[in-house]
Amino acid sequence: MKEKNKSSSRKKPKTAQIRRSADPVKCFEKWKNKYMKGRDRVKQRRMQSKKPEWQLEREYIKSLVSRYGDINTTDVCRFSDFPISKKTLLGLQEAQYRQPTEIQRQTIGSALRGRDVLGAAKTGSGKTLAFLVPVLECLYRQQWSSMDGLGVLIISPTRELAYQTFEVLRKVGKNHEFSAGLVIGGKDLKSESERISGTNIVICTPGRLLQHMDETASFHASSLHMLVLDEADRILDMGFADTLNAIVDNLPKSRQTLLFSATQTRSVKDLARLSLKDPEFVWVHEKAKFSTPATLEQSYVVCELHHKVNMLYSFIRSHLKKKIIVFFACCKEVQYLFRAFCRLRPGTPILALHGKQQQMKRVEVYNNFVKKQSAVLFATDIAARGLDFPAVNWVLQFDCPEDADTYIHRVGRTARYKEGGEALLLLLPSEEKAMLAQLQEKKAPINQIQVNPEKVHSVQQKLEAFLAQEMEQKERAQRCFVSYLRSVYLMKNKQVFDIFQLPIRQYAQSLGLAVCPRVRFLSKAHAQKAENEDEEQSDEEEELQSFKVQLSNKMPCEVVEHDTEENVDESSKALHGDISEDEDDLRDLELLTVKRKDVFELSGHPECVEDTSQGPNNTRKETKFKKTKKLLKRKFQINTKITFNEEGEAVQLWPPVQQTVTAEDEEDNVLGINVAKARDRLRREDQEFDKQEYRRKVQAEHRNKRLKAKEARREASKRQRRSDEENVAYLACHSGGEFDSSILPDPDQLHSSDEEEEGYAKQEHICNEEPLAVTRKKGKQLNDEHTGLDTGLSLAEDEELVLHLLRGPK
Ligand SMILES: Nc1ncnc2c1ncn2[C@@H]1O[C@H](COP(=O)(O)OP(=O)(O)OP(=O)(O)O)[C@@H](O)[C@H]1O
């Protein structure tokens, strides 16, 4: 209380002062001003609340755009430091993105200002958001709506990457009203066509986009504002060149273009294709010591081709609780080894992702692997770029990557955004040197490690057993074998990929194949190589010879020319052969078929020779012929073995000397061939054969004649019987008295014999021989019966005799 009184007493003089100095007019004026200000504010607020939302938004956008010029990359610590919309900021916050990464900090500002950007940063450094934020802001700035159609195109090299980007966009842009669509192959084109024209942001793969540009009438890109190429170097490379050129032709030139990749293209030609306008190059890690993430540990193992499968199995067995991606060179390898490893049951889930799978399956595998804590994903390079599988511990490269860039992208599937990871590369001895040089050039630090051979389990026998059980699996193994070899054969960098150094037979065995499949393109490649070497050799010889000639100061032009001509002739012949074989080879590459080797040399059998001579397998003969020719060309000296007989004469035992054989010793001597004698013998054999053939024909003719005669006889006897019956009937009609039937043939007997004959005739269809014998018997029987009636008279006399008998003793 005391204190209160004190303070009031202290205040008193002040209020008194004011009161004393206060001029009521002034006070009123002051109050009036204050009141008026408050009233204005309320009025303004009322006015503002009446403003349409779009106008407020426009003003907000204006204020944002006005801040674009002030963006200072070094000052940006949080996404909110960028002049970006509240909707985008909210999306980023909800997805737990607060601080931009280096590439985001350095590119978002330029992209917001509308510049073309080429962004490059290590794998897993956040390039996706670096272009998605400007994409959302670009359309927001334009107040884009579904009525405006396509505003932004984002092109990805693979379906999986497009799908992943689409998912990130959905997360970050969920507060915006734009429509977004995923346009990738393997989906229903019709339903896509119906919706694509009203889609504002299209995320697509190049092929499918071009298909819509060609086939969907309502789809056009005339109002496009921004084009983004994710993994730009891949999209700009040869594989997509034609498709991309066709797409770019359909896009307006006034657009903004953003290119992103961990291995960015610097080719002016590429950039010219996209008609970039004064692009900004942002190479975040250009000065970095290494091109791969610092948290990534990289190592390699030198391993023979036929040990790789064992190595993979052993690796998986010793990393059961890890999440691993294994990269292979081709789909067929993934298909076979995935099934083989599933059957081997290594103790961890195994998944497979490759381009030959159906789209639904691909998405399912992708989502499955994202969710898994520990699993092994067998994949081709479709999983090498951009995919952001969480918490991958290991990347194992089963097959050597095509180049250092592919290596960087593959290993980049682990150690993403501040996480750690490990990568192991299996290198063949023939690949080691050249590949390491490439990696060094691209600043990828890699160390060699040794493998404990005791820890490597062999699975070859198990694989062999599987293949023996399942034909389908065996075919898969064969396809895997051929496909791998083909992929090596087609690789451009021959310093790394030398197919001639591969232990092919052992490789086939390591896949569980008991017999090494025949690969036609390979044998032809071998032949071609041998011929090239021959040519080189002959060139060298030629040079040497001309040099010698020059030295001996002669004018041997004719000789030299003659030699050369011969060589040219031969080589040109060989070359022609090769060309045709090469064409075959190319055909092989189109439709590679696995051919079994003639393990048991069955083709040596005369029947097989006949078969092969009819079909296109003639080439096999040619090849043998060629081989022999080549051997002859090389002028091999065959060893000879000479012994001395008791008289001291030299006798050559090997190689057997061909001798002319005289008529006497021909049979004894099996070593030599007398051509004249052999011809004679052949002629004799021919004559003998002709004779036999003639005899067979004559016999057949006789047999036919006999059969015809028999048939004729049978017909005649039938006719005879019929006429006899008619006579009997006639007689029966006209007889008034009793008839002694005993003197006539038994009609039942006749009838039954007929029936039997019919029966035999029927049986004839079943068996030819038996009825003939039976008919013969029956025929004889009939004849016997008829002989009882044979009076030795003519028919007229017989009739008279019968009438006489009938008249009988009157
Ligand atoms: N600002 C950020 N804050 C936190 N995490 C981020 C940020 N930006 C990106 N990430 C995360 O980093 C990871 C890698 O991002 P992203 O896939 O964009 O990398 P990338 O550079 O495109 O990789 P790649 O070169 O392999 O395509 C993702 O998991 C993503 O969620």
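The values are calculated or read from the model by the stated rules, or taken from the named source; none is laboratory data. Not measured: the values here are computed from a predicted model. Positions of Cβ are generated from backbone atoms using ideal geometry, with glycine treated the same way; all protein chains shown enter the neighbour counts. Ligands, DNA and RNA are excluded from the accessible area calculation, which covers all protein heavy atoms including side chains. Shrake-Rupley method; radii C 1.70, N 1.55, O 1.52, S 1.80 Å.
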Give a quick list of trypsin sites (Lys or Arg not before Pro) in region 358-428 that DSSP marks as loop, anything other than H, G, I, E or B, with at most 16 other Cβ atoms within 10 Å.
LYS418
Where labels lie 7 Å past Cα in the beta-carbon direction, separation of ARG98 and SER523 in nm
6.9
Ignoring ligands and nucleic acids, what accessible area does ASP75 show with a 1.4 Å probe (Å², nearest 10)?
100
Going by accessible area, probe 1.4 Å, with all protein chains left in place, what is the ranking of ARG46, ARG208, ARG41, largest first?
ARG46, ARG41, ARG208
Per-residue HN-Hα couplings for region 159-166 [Karplus 6.51, -1.76, 1.60; θ = phi - 60°; Hz; x = Gly/Pro]
5, 5, 5, 4, 4, 5, 4, 4
Region 296-511: C-alpha gyration tensor shape, a/c 1.5 cut-off, then a/b vs b/c:
rounded
In nm, spacing of pseudo-spin labels at SER318 and ASN175 (7 Å Cα→C-beta vector):
5.1
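First measure r as the distance between the Cβ atoms of ALA246 and GLU53, then evaluate 1/(1 + (r/R0)^6) with R0 = 51 Å and state the FRET efficiency to the nearest 0.05.
Working: r = 42 Å, r/R0 = 0.82.
The calculated FRET efficiency here is 0.75.
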Using +1 at the C-beta of Lys and Arg and -1 at the C-beta of Asp and Glu, which of SER510, PHE398, GLN358 has the Cα lying farthest in the positive direction of the dipole of region 296-511?
GLN358
Ignoring ligands, DNA and RNA, how do SER318, SER145, SER487 rank by accessible area with a 1.4 Å probe, largest first?
SER318, SER145, SER487
Given axes a ≥ b ≥ c from the Cα gyration tensor, I'd like to know whether region 391-473 is rounded (a/c under 1.5), prolate (a/b larger than b/c) or oblate.
prolate
Go through region 420-471 and name the trypsin sites (Lys or Arg not before Pro) that are in a DSSP coil and have 14 or fewer other Cβ atoms within 10 Å of their Cβ.
LYS443
³J(HN,Hα) across region 91-107 via Karplus (A = 6.51, B = -1.76, C = 1.60, θ = phi - 60°), whole Hz, x for Gly/Pro?
x, 5, 4, 5, 8, 6, 9, 10, 9, x, 7, 4, 5, 5, 4, 7, 10
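In square nanometres, what is one fourth of the surface area of the convex hull spanned by the alpha carbons of region 303-343?
Details: hull surface 13.0 nm².
It is 3.2 nm².
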So for region 57-283, taking the charge dipole from beta-carbon charges (+1 Lys/Arg, -1 Asp/Glu), which of SER63, PRO279, THR107 sits furthest toward the positive end?
SER63
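Evaluate Rg over Rh across region 71-226, taking Cα atoms for both radii and Kirkwood's formula for Rh. Could you put the intermediate results ahead of the total?
Values: Rg = 15.6 Å, Rh = 16.1 Å.
Answer for region 71-226: 0.97.
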Determine the gain in length on full extension of the stretch TYR694-LYS30; use 0.36 nm per residue of separation and subtract their C-alpha separation, reporting nm with one decimal.
224.4 nm
If each K or R counts +1 and each D or E counts -1, the residues other than ALA246 whose Cβ falls under 14 Å of its Cβ total -2
Assuming 1.567 mPa s and 4 °C, estimate D for region 277-375 with Stokes-Einstein, Rh taken as the Kirkwood radius over Cα pairs, in µm²/s.
78
Filter LYS171/LYS418; LYS269/LYS356; LYS462/LYS492; LYS86/LYS372; LYS174/LYS418 down to the pairs with a C-alpha to C-alpha distance above 28 Å, please.
LYS269/LYS356; LYS462/LYS492; LYS86/LYS372
As an exercise, use a Förster radius of 41 Å and the Cβ-Cβ distance of LEU189 and GLU441 to find the FRET efficiency, rounded to the nearest 0.05.
0.40
For LYS323, what residues show an amide H to amide H distance below 5 Å, using hydrogens built from the backbone and excluding near sequence neighbours?
ALA375, ASN393, TRP394
